[in-house]
1. Taking residue 1228 as the residue in question, decide whether it is crowded, with 19+ Cβ neighbours inside 10 Å and either more than 23 Å from residue 1168 (Cα to Cα) or touching a strand residue (DSSP E or B) at 6+ places or on another chain (Cβ under 9 Å) (or both).
2. I'm checking my understanding of the structure. Among residues of the stretch 1383-1424 that are among the hydrophobic types (A, V, I, L, M, F, W, C) and part of a helix (DSSP H, G or I), which one is modelled with the highest pLDDT?
3. Need at least 2 residues that are modelled with pLDDT of 90 or more and out of contact with any helix residue (DSSP H, G or I) (no Cβ under 9 Å at 6 or more places or on another chain) per element, so show me which strands (runs of 3 or more DSSP E) inside the stretch 984-1048 make the cut, counting only ones lying wholly within it.
4. From the list 821, 845, which one is modelled with pLDDT under 80, under 22 Å from residue 767 (Cα atoms), of a type outside the set (Phe, Trp, Tyr) and buried (at least 16 other Cβ atoms within 10 Å of the Cβ)?
5. Within the stretch 1192-1225, work out how many residues are assigned to a loop (DSSP other than H, G, I, E, B), more than 19 Å from residue 1142 (Cα to Cα) and open to solvent by 10 Å² or more (accessible area, probe 1.4 Å).
6. Does the stretch 191-205 include one or more residues that are of a type in the set (Gly, Ala, Ser) and within 20 Å of residue 252 (Cα to Cα)?
7. Given the criteria in contact with a Pro (Cβ under 8 Å, 6 or more places away or on another chain) and either at pLDDT 85 or above or surrounded by fewer than 20 Cβ atoms within 10 Å (Cβ to Cβ) (or both), does residue 964 qualify?
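The values are calculated or read from the model by the stated rules, or taken from the named source; none is laboratory data. Just so you know, these numbers come straight off a predicted model, no measurement behind them. Here Cβ is always computed from backbone atoms with ideal geometry, including for glycine, and neighbour counts include all displayed protein chains. Accessible surface areas use protein heavy atoms only, side chains included; no ligands, DNA or RNA. Shrake-Rupley method; radii C 1.70, N 1.55, O 1.52, S 1.80 Å.
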Amino acid sequence: MEIVSSMASTVVELLFDPIRRSVSRVYNYSRNVKSLETHMEELSDIKTRVLHSVEEATNKTEDIEDDVEKWLAIVDDITEEADRVLKDKDKAKKRCFMGLFPNLMTRYRVSTEIKSIAEEAVKISLRGKFDRVSYLPARRGIGDRSVKDYEAFESRRHVLDEILEALKDNDVNLVGVYGMTGVGKTTIVKKVAEQVKANRIFDVVVLAVVSKTPHLREIQGEIADGLGFKFEAETNSGRAQRLHERLKSERKVLVILDDIWERLELDDVGIPSGSDHRGCKILMTSRDRNALYRGMDTKKLFHLQVLLENEAWNLFKNMAGDAIKYPDLQLVAVEVAKRCAGLPILLVTVASALKDGDLSEWKDALERLKRFDKDEIDSRVYSALELSYTSLKGEEIKSVFLLCGQLEPHRIAILDLLKYTVGLGLFKRISGADGMVKMHDVLHYFAASVASRDHRVFALSSGTVLREWPAKDMLEQCSAISLPACKISGLPEVLNCPKMESFILYNEDPSLKIPDCLFKGTKTLQLMDMSRVQLPTLPSSLQFLEKLQTLCLDSCGLGDIALIGELKMLKVLSLIGSNIVRLPREIGKLVPLQLLDLRDNPTLEIIPPNVLSCLTQLEDLYMENSFLQWGVEGLDSRRNNASLAELKYLPYLSTLYLHITDPMILPKDFFSKKLERFKILIGEGWDWSSKRETTTIMKLKISASIQSEEGIHLLLKRTEDLHLDGLEGVKSVSYELDGQGFPSLKHLHIQNSLEIRYIVDSTMLSPVVDFPFLVSLSLDNLNKLEKICNGQPVAESFSKLRILKVKSCPMLKNLFSLHMERGLLQLEEISIIDCKIMEVIVAEESGGGADEDEAIKLTQLRTLTLEYLPQFTSVSSKSNAASISQTRPEPLITDVRSNEIASDTGLRTPMTLFNKKIEFPNLEDLKLSSIEVEKIWQDQPGELSYCFVRLTSLIVEGCRNLKYLFTTSMVESLAQLKRLELCDCVPMEEIIIKNGLGEEENVRGMMLPKLQFLMLKGLPNLTRFCAGHLIQCCFLQELWIENCPALKTFISNSVSTDAVSNNQFEETNSTLFDEKVAFSNIEKLNIVGMDNLNMIWHTEFHSDSFCKLKVLKVKQANKLLNIFPPNMLRRFQNLEHLEVDYCASLEEVFDLRSLTSEKESHVVTAFKLKYMYVWNLQKLKKVWNTNPHGILSFQNLHLVNAWKCPSLKSLFPTSVAIGLPHLEELKLHTCGVEEIVAEEERLGEAPKFVFPKTSSFILWDLPKLKSFYPGRHTSEWPVLKKIDVYLCDEVPVFDSELQSTQGACTQDQLGIQVQQPLFSFEKVIPNLEELSLNVKDAAKVCQGQFSADLFYRLRVLELQCFDGASAEFPFGILHRFQSMEKLVVTRGYFKELFPCQLVDEEEHTLARIRCLELFNLPDLEKIWNQDLRVDQLLQNLETLEVRSCDSLINLAPSTSTFGNLTALHVRDCKALKYLVTSSTARSLVQLSVMSIKECKMVTEIVASNGDEAGNEIIFRKLESLKLDCLASLTCFCSVNFTFRFPCLTEVVVTNCPKMKTFSLGILSTPKLLKVWLSEEKDKGQWIRDLNITIQQLHI
């Protein structure tokens, strides 16, 4: 019965439940309609809120998240669906049966749809709660986004295509585009950027605006921003060098320089060009063709002309809208378009301004444009812009536009603009934003002119020289003054501008003085920005500015700023980089203050208590790289610094940039929910650098107790860029730190944790979507990390992950399991370094259930790096290829080492690195370092090769089991490979082996067709690159072969490598390159450490090989007999740079004997050689073994440098020396040279040597040198600036008695031969800037009668060779050198440098010295006596360098001061026990670099001279400290002083075995991240702080 009852119940349920549901839908119809209307109303409200956030993000130029856009689209769809259904409700009201009954069928259908839509609406509403709707995209140059509103006109397409072709041309380095103002030059180069990025012609594209008055730092900054890095160097030259290095690190980079007016020195900016970096190309725009052609030496130019008439009309029509379709208006519109003269800027501006205008407006516009003739393009542009300006809606927008015209056009910081607009009352509140505004120079000029015309603004363009201020009546009417980076002779004592509201001064002159009464007549001033002005005391007239709302004193040298407290209306105060030490208590009076910017003030030590808490209206507080000395509330009632708790009393604070070095002082509930933008660093060791353009950043180094603080968790949920260091008590990051999977996080970096086991643990209860928007994940030094994800993650976890970097995680065996396939699909970069037990990237775990036959395709992966992975076997643990090979033998592969079959069914098949389980169809960069695989790819022809068709860079190093790299079939698929590096693979015998046994399968013809760079380094068993008859690499530009001693021939015929290694070749086959090598475009060749090499080139080789060679470096080739084949010397006439070093058998560089038979040909071959270095050549007798006699010309030589060539008797043949019009520098060092130019016996008269461009002449340690030329001769050196002759005792430098004899008879009156000097004193001295004199010549200068201005150019003086023990330093000589800035003293035996008394002239001489170098003075005990206050005279000294002064006791007396010293270097001073005293240390306020090396008695750097312990010493600007080989050094200072190093970023400590701590007292190094253990910075350490780190060095 129970069974029957159960069946009956089931039947009833099956039959009647659907009926019940249908009936309820009919009779609940009205309720369902009401419910849907309510849900749709709620959904509409949520959508409105999301749209508000989207609009705000769009205004900040942020990108909208994909899920937000998808959600909005879904809302639109369901709204449309709901509207449609609700319209049907009227049909549902209709009744049937003569109106007696409702229409049940219609009601049922409509009600069903309504209920379904309502349920879906509820779900959509729940998904609409977004923590953030947008993000700032990571930048890598420009070109990633399409150019907005670009019109692909036919006339432009042709120019665009030609520019692209020019950029593809390997022989073209500079490309220019020119055309008139507003023609669209910037737009087309941006389109070029988009195209070259899309087509992968360049990896990176960066753009910088040059402008009429270029500022190097801004140009450098724009390029650096595009590359995503920040400068550490401060000087322009230092930044240029850093930028040069960064650009050279990019394989293919396009630099766009927009708006060039005159020559720009690329070297000064730091842009490599030409042979310096073939992968870097420069695209430029200019209005003036000559600025590109002549100024920039650009030969590839493209003229961008105005649009064709039909193109212009189409553009105009699209911008003007539908109104112009009306016939009467269209007639006027056509005429208006014609008046725009085909200029896009006019067409767009005018059409946009007139859009939706009526006929009268169009006619009025036409009349305005008719006033100008065809040639008056600038006037017409101005008129068009006027139309656009007047059409702007709202006076605030117009005011902001005009304000931009008063600033520097190409780099207007958005935050600065916000500061200004608040000051002028345009915006009431601040909403902080990063980024820059760039304004077209035409728009900028227009805005400035309108501001001047309509608002009486006095604004000068950047770089303008202001010689005279405007007239009094004009200043009285002036509403604003703007002087951005202008050259100002001076400011008036009083600015009488009673109507002025804005004063902007970006100063460039550090000597500019601000008069105390300057602002007495500017009482209406609301905005003031005075940047880069020295203000030890603020002008008292500031107190009159009662209406001032914005005050910016950025990069100013500020002293006492208490006066600012009187500016009671101030809303914005900006003191960026102004070196303030104390924020005055008076700042607390500024109650209306909304923004306080204290960035880049590492010297800020004191903020009095209860100052910040008074600023109750504060919204934005910026303290990046600034104040760190926070007090602790409650612990010390006498504290002299603000506490963090004060910030809790700021109710409107929404932006906070802050570094808290001690996490323990963090108050409870410190962080507010109102924070919208923040960069917060907690813990020591962090820096402020950030590669990500995100608005919420946290870097945390905190304890377990602080991790659980609610405020920290609150911010973690909203952080986009998170760095975690030394996490305690956390095993699963996502679960324990957030619990909701970090829904907003985009970048996560975790380092130095001893407890973390998982990043995500999906086995925990209630799993969530983890890291749904994470873009980059970096894991470093996580000692117990076992898995990134434990268990199967929730779908969508890691779904946007693009970059994954793992380093030093010794317990990690794999990155992912197959469960996480979805999280891998967006990956673009994977890097795994130093993981000791890492075996695979993707592992298949038991019970996975994955389809083993289906490969994972990482279609987005571009970069894969695997380094130092000793257990790594394959990219995946399950390999189809491996399983196949176990059941089916591989195709036969010839083992070139034995001619035996390498693979057979009975032999073990080694596992390959890549297999078919994971595919990388778009991989571009692959680096493998120190992994133990035996094969990278399968040997089967075509197997997997299709997966690497896009590979452009392959680096393999330290792989000890690889015997070859490719098979011939594999290499055929690498058609895109551009860079190949093979280093330190000891077993490797051959790079490419063939697949079969047949001779016909030898390599022949084109191979690696796009290869540009090839390096073979540290391959001791390599015998050849491959076997074959001919190899062609037509695009190869640089070849580097280093330490491959078994490599005697690059390519050989098909014989075993054993035969090659056993020298079973004829001697002619043992040359490195012969006719089988065709490198037609190679420009750089480096051959290093090839001791078995006899010849580089065979006497015959391929017809066009090496013809374009520009750089040749040969080093450590001890059997090499010659550099060039004698009969093929002309083949190398394009060579520009030659270095030959450590070639023990080489006797000559240029063998010219085979050319002597060509004397009668009268064909002169001009070599392009510019730079020649011959170093460490023990047997070198001659550079040229015979005189070329006009057959060969070396007239392009710029520099010749010979060093350690003891057998070299002379440098130049006469005919070569006579023809050196471009020689700039000659340097000979430690050679056996007897004469610089060899005597030519057949010359009938005395030769004349003219060196019109030689500026530097350096001869060092040439004991046999007797003359420049052994016979009678004359020489001229019209531009010689440097003479440095040292240890050349057999040759007179100047003529006897320092009078001119050169060119006269070389015999005296008795017929005795007189030795001719190197130079005529009075002929060369007037142009000299650097001079080295020995003691004899110095004495003659002292005694000689010379005109006062003879030495007026001399800046650097070196005095040397004071041999006698009684010799005194000839101090009296110095006053003759009135312009001397650098003094070098060397090789003397005096005990004291400066005399006991100084006369006035000598005091003036010391005051001019900026650099003092002392070296090789073994008896020097002190530089000056205690009684002689030389330091007071050396107050301009910036650099002090002391080397090899064995008896030196101290650098200076204990009370000496050096207020301007920036660099201090001491080396090899054996008696020195300390560097400076504590009082001297306090004076080193400008010191930025300090290095002490090889001083074995030094025990401390700073010694006390009676100061009390606990006193403070601040090295305010010290950035670099290097301590090397200091055997007795115990610490930096042995006294309990407080040391502060606010700017210290580099500490190098090497070979200091007794150094157990840094200092005994309080120590502050807020910017220091690591202590380096070598100069190369390849090994570093950091444990909590500098003291602990030093203590750990020797444990």
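1. It is true that residue 1228 is crowded, with 19+ Cβ neighbours inside 10 Å and either more than 23 Å from residue 1168 (Cα to Cα) or touching a strand residue (DSSP E or B) at 6+ places or on another chain (Cβ under 9 Å) (or both).
2. Only one residue tops the list, namely 1407.
3. Passing ranges, in order: 1013-1017, 1038-1042.
4. 821
5. Qualifying residue count for the region: 8.
6. Yes; the residues of the stretch 191-205 include at least one that is of a type in the set (Gly, Ala, Ser) and within 20 Å of residue 252 (Cα to Cα).
7. no
Here's the yes/no breakdown for (1) modelled with pLDDT of 80 or more; (2) more than 26 Å from the chain's Cα centre (by Cα); (3) in a loop (DSSP other than H, G, I, E, B):
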site	(1), (2), (3)
90	no, yes, no
124	yes, yes, no
137	no, no, yes
145	no, no, yes
148	no, yes, yes
159	yes, yes, no
175	yes, no, no
187	yes, no, no
